[in-house]
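No lab work stands behind these numbers, since they all come straight from the coordinates. Keep in mind that what you see is a predicted model, and the values were worked out from it rather than measured. A quick note on method: Cβ atoms are made from the backbone with ideal geometry, for glycine too, and the neighbour counts reach across all protein chains shown.
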């Protein structure tokens, strides 16, 4: 699994939109400068965050193994996931308790792996 370059593009676009909103809706003041600085810091922080799920291994019976925070953990796809042919917002339920949210974008997987994942997810997603 690759870290998506679209993630960085999306964060950059959101930061630019935030900066434009701050500049357009308020007069220049210390509040505006603080908000602009906070938005820029949040954007830089989001780009530097490690990719939580670094490996995804799909098994039969709906079990997947996620390499999450350096540990390989069994997980199942939770209810409420949004999957469309080009991207997916997922909620993984870890067997040890807890959950992991993940967004898969088109360049995170190869085309063949994406098709396999999409069929697997449709088959094993909880209702």
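A few remarks follow.
- Tallying residues that are more than 17 Å from residue 62 (Cα to Cα), in contact (Cβ under 8 Å) with a residue 40 or more places away in the chain and surrounded by fewer than 17 Cβ atoms within 10 Å (Cβ to Cβ) within region 78-127 yields 3.
- Flag set for residue 56, criterion: under 24 Å from residue 6 (Cα atoms) and touching a residue at least 24 places away in the same chain (Cβ under 8 Å).
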